[in-house]
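*Asks:* Here's a structure for you.
The values are calculated or read from the model by the stated rules, or taken from the named source; none is laboratory data. All figures in this text were calculated on a predicted structure; none of them were measured in a lab. Please note: Cβ atoms are built from the backbone with ideal geometry, for glycine as well, and neighbour counts cover all protein chains shown.
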Amino acid sequence: MIHFDTNALVYLPQWAKEVHPIIERIVAGESAAVCSVVWYEYLRGPLAKEEAALAHAFVQGRILAVTEADAQLAAALFNTTGRKRTHRTDTLIAACAIRAGAEFVTANAVDFRPLTAHGLRLVGV
């Protein structure tokens, strides 16, 4: 399974035109998902009229709720990685991907790289 970050959802239309390797993996049958925090960030936009429907179809409606276990892991990640204000939401998004056993696609690998030492599996874009 592949979890997408907000910015990766934004790039979906461009990646589809380019036949990006991530798109090829999903078309070949690999599952895609986002956590509800990512979906919220994505829907805040701005989005073109059909973009949200296309992104929803791309992840086949797999918008996963944040669980208590995700929140606990995110808090531990936040505290372990230096309590940076900019990582508050990132650690929650990463925790959802880690607990799902998913690879994580983001166009902002720099912010997520410190979390790889704690189980986040980044996919290069």
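*Asks:* Quick check: anything in the range 33-46 in contact with a strand residue (DSSP E or B) (Cβ under 6 Å, 6 or more places away or on another chain) and more than 16 Å from Leu12 (Cβ to Cβ)?
*Replies:* Yes: one or more hits.
*Asks:* Still on this structure, please answer the following. Condition first: aliphatic (A, V, I, L, M) and either under 19 Å from Ala65 (Cα atoms) or crowded, with 17+ Cβ neighbours inside 10 Å (or both). Now tell me which residues in the range 103-125 satisfy that.
*Replies:* Val105, Leu115, Leu120, Leu122, Val123, listed by residue number.
*Asks:* Does any residue of the range 68-76 turn out to be surrounded by fewer than 19 Cβ atoms within 10 Å (Cβ to Cβ) and either under 18 Å from Thr106 (Cβ atoms) or within 15 Å of the chain's Cα centre (by Cα) (or both)?
*Replies:* Among the residues of the range 68-76, not one is surrounded by fewer than 19 Cβ atoms within 10 Å (Cβ to Cβ) and either under 18 Å from Thr106 (Cβ atoms) or within 15 Å of the chain's Cα centre (by Cα) (or both), which makes the answer no.
*Asks:* Confirm whether Val34 is in a strand (DSSP E or B), within 29 Å of Thr67 (Cβ to Cβ) and not hydroxyl-bearing (Ser, Thr, Tyr).
*Replies:* Taking the combined requirement at face value, the residue satisfies it.
*Asks:* Pull up the range 39-59, narrow it to residues that are hydrophobic (A, V, I, L, M, F, W, C) and surrounded by 14 or more Cβ atoms within 10 Å (Cβ to Cβ), then point me to the one that is nearest to Ala100 (Cα to Cα).
*Replies:* It comes out as Val59.
*Asks:* Related question: Pull up the range 13-38, narrow it to residues that are free of Cβ contacts under 8 Å to residues at least 24 places away in the same chain, surrounded by fewer than 15 Cβ atoms within 10 Å (Cβ to Cβ) and not hydrophobic (A, V, I, L, M, F, W, C), then point me to the one that is farthest from Gly61 (Cα to Cα).
*Replies:* If we take residues in the range 13-38 being free of Cβ contacts under 8 Å to residues at least 24 places away in the same chain, surrounded by fewer than 15 Cβ atoms within 10 Å (Cβ to Cβ) and not hydrophobic (A, V, I, L, M, F, W, C), then Glu18 is farthest from Gly61 (Cα to Cα).
*Asks:* A further question on this structure: For Val10, indicate whether it is touching a residue at least 12 places away in the same chain (Cβ under 8 Å) and not in a helix (DSSP H, G or I).
*Replies:* no
*Asks:* If you go through the range 89-102 one residue at a time, do you hit one that is free of Cβ contacts under 8 Å to residues at least 12 places away in the same chain and either loosely packed, with under 15 Cβ neighbours inside 10 Å or assigned to a helix (DSSP H, G or I) (or both)?
*Replies:* no
*Asks:* Is it the case that Ala48 is hydrophobic (A, V, I, L, M, F, W, C) and at pLDDT below 95?
*Replies:* Yes; evaluated as a whole, the condition is true for this residue.
*Asks:* Separate question: Just the residues that are over 13 Å from the mean Cα position of the chain (by Cα) and hydrophobic (A, V, I, L, M, F, W, C), please, taken from the range 98-114.
*Replies:* Val110
*Asks:* Given the criterion in contact (Cβ under 8 Å) with a residue 60 or more places away in the chain and of a type in the set (A, V, I, L, M, F, W, C), identify the matching residue among Phe4, Phe58.
*Replies:* Phe4 is the lone residue from the list that is in contact (Cβ under 8 Å) with a residue 60 or more places away in the chain and of a type in the set (A, V, I, L, M, F, W, C).
*Asks:* When the residues of the range 19-67 are narrowed to those that are under 17 Å from Val105 (Cβ atoms) and aromatic (Phe, Trp, Tyr), which ends up farthest from the chain's Cα centre (by Cα)?
*Replies:* Phe58
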